[in-house]
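Participant: My questions will all concern the structure given below.
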Amino acid sequence: MNLRRIGLGVVLAATMAASTFAPVVFSVLATDLRSEFSVARWQIGALVTVVTAVGAALSPISGSIIDRFAPRHTTAATAVIAGSGFVAMGLAPGYAWLAAASVLCGIAQASSNPATNRLIMSQAEAGRRGFLTGIKQGGVQAGNFLGGILLPIGAAAAFGWRGTMFLAASVPVIA
């Protein structure tokens, strides 16, 4: 396997991980968010609902929109939107701002599959696409796993929950 293919796999997995990461953030950091913003548990759950509802509402149209642009650009845009959502969370002065950040994360969630699928189609020949698709989809589970382990450690120990969000934003932006 060459470096280009490895790099493509990393970009695909990181994009998928970042675009589906917000529900993990809200779940794992719920105690910190509830304390900081003086909100009830249901309000944290509502943030997850916003991400998922926006993702579901935009998914039927995101593919046709993504088809109009270059695969590299749409994948990069998806990663930047996800990273922007994390930065917005880290900067949030209040709950409404978190809800707005959730909308950004929902947009990234809706665009992630069509954008990364098109990137695979443009960069890999038939017979090699299945492996890359598996790596790409594994990014979702890897992101959930790493978020469940690293977010509480980072939030509790080194960076605070806001610093942890800025660190999380660096992953899709670098990828």
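The values are calculated or read from the model by the stated rules, or taken from the named source; none is laboratory data. These numbers were taken from a predicted model, which means no experiment stands behind them. When we count neighbours, we look across all protein chains shown, and the Cβ atoms used for this are built from the backbone with ideal geometry, even at glycine. Remember, those area values only see protein heavy atoms, side chains included, never the ligands or the DNA or RNA. Shrake-Rupley method; radii C 1.70, N 1.55, O 1.52, S 1.80 Å.
Participant: State which residue is farthest from Trp161 (Cα to Cα) when the search covers only the range 35-63 and only residues that are open to solvent by 60 Å² or more (accessible area, probe 1.4 Å), assigned to a helix (DSSP H, G or I) and among the small types (Gly, Ala, Ser).
Facilitator: Ala57
Participant: Could you count how many residues in the range 114-140 are in a helix (DSSP H, G or I) and under 19 Å from His73 (Cβ atoms)?
Facilitator: 12
Participant: Does Ser112 qualify as being open to solvent by 30 Å² or more (accessible area, probe 1.4 Å), among the hydroxyl-bearing types (Ser, Thr, Tyr), under 18 Å from Met16 (Cα atoms) and under 13 Å from the mean Cα position of the chain (by Cα)?
Facilitator: no
Participant: Which residue pairs have Cβ atoms closer than 6 Å, lie 6 or more positions apart in sequence or on different chains, and pair a first residue in the range 4-23 that is open to solvent by 20 Å² or more (accessible area, probe 1.4 Å) with a second residue that is not in a helix (DSSP H, G or I)?
Facilitator: The qualifying pairs are Val11/Ala175.
Participant: Restricting the range 51-65 to residues that are among the aliphatic types (A, V, I, L, M) and within 14 Å of the chain's Cα centre (by Cα), which is farthest from Ser27 (Cα to Cα)?
Facilitator: Val54
Participant: From the set of residues in the range 141-165 that are of a type in the set (Phe, Trp, Tyr) and closer than 15 Å to Val24 by Cα, which is least open to solvent (accessible area, probe 1.4 Å)?
Facilitator: Looking at residues that are of a type in the set (Phe, Trp, Tyr) and closer than 15 Å to Val24 by Cα, I get Trp161.
Participant: Another question, if that's okay. Are there any pairs, at least 6 apart or on different chains, whose C-beta atoms fall under 8 Å, with the first in the range 105-133 and at negative phi and the second among the acidic types (Asp, Glu) and surrounded by fewer than 21 Cβ atoms within 10 Å (Cβ to Cβ), and if so, which?
Facilitator: As it stands, the answer is Pro114/Asp67; Arg118/Asp67, since those pairs meet every condition given.
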